[in-house]
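First comes the structure, then the notes that go with it.
Rule-based calculations on the coordinates, nothing more; no lab input. Being a predicted model, the structure only gives us computed values, none of them experimental. Quick reminder, even Gly has a Cβ in these numbers, built from the backbone with ideal geometry, and neighbours come from all protein chains shown.
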Amino acid sequence: MITNEQRAELIAAACEARRRAYAPYSNYAVGAALLADDGRIFTGANVENASYGLSMCAERTAVFSMVAAGAQEFRAIAICTANAGSPCGACRQVMTEFAGDVPVYMVDEEGNGRDATLHTLLPDHFGPEHLTK
Ligand SMILES: [Zn+2]
């Protein structure tokens, strides 16, 4: 269960991370912050490249930072954009590897937006269980 305080902390961390985005090509800055099972918060920002296809999303940056730091599951994620946009399909898939049907808070810089859950954003997702049957 995520408390209102935890939700607010994640949103604030996501919007702070957004200010560190490197998005000179799309001008669509994104910040993400997730709460790992061990209580730590990991953040990410989108990082673009002149070779566009090498760009990386904020959400995956946060997930990969979590894994690199030794945690492998998260309990909620906040995503901050200019217009409370949704995570892309690739990020939805990556998130399902490391979380159950967790809350996803999509907000703008004022914290306005909408809440969803990961499995409503990506129903019937591919998972590790499909590799063993
Ligand atoms: Zn993405």
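Residues in the range 104-118 that are in contact with an Asp or Glu (Cβ under 6 Å, 6 or more places away or on another chain) and closer than 19 Å to VAL67 by Cα: LEU118 alone. Restricted to the range 1-15, and to residues there that are in a helix (DSSP H, G or I) and polar (S, T, N, Q), the residue that is surrounded by the most Cβ atoms within 10 Å (Cβ to Cβ) is GLN6.
Here ARG20, ARG92 are screened, and the one residue that is out of contact with any Cys (no Cβ under 6 Å at 6 or more places or on another chain), among the basic types (Lys, Arg), without any contact (Cβ under 8 Å) to a residue 40 or more places away in the chain and under 29 Å from HIS130 (Cβ atoms) is ARG92. Of the numbered criteria (1) within 13 Å of LEU10 (Cβ to Cβ); (2) loosely packed, with under 15 Cβ neighbours inside 10 Å; (3) touching a Lys or Arg at 6+ places or on another chain (Cβ under 9 Å), the one MET106 fails is (2).
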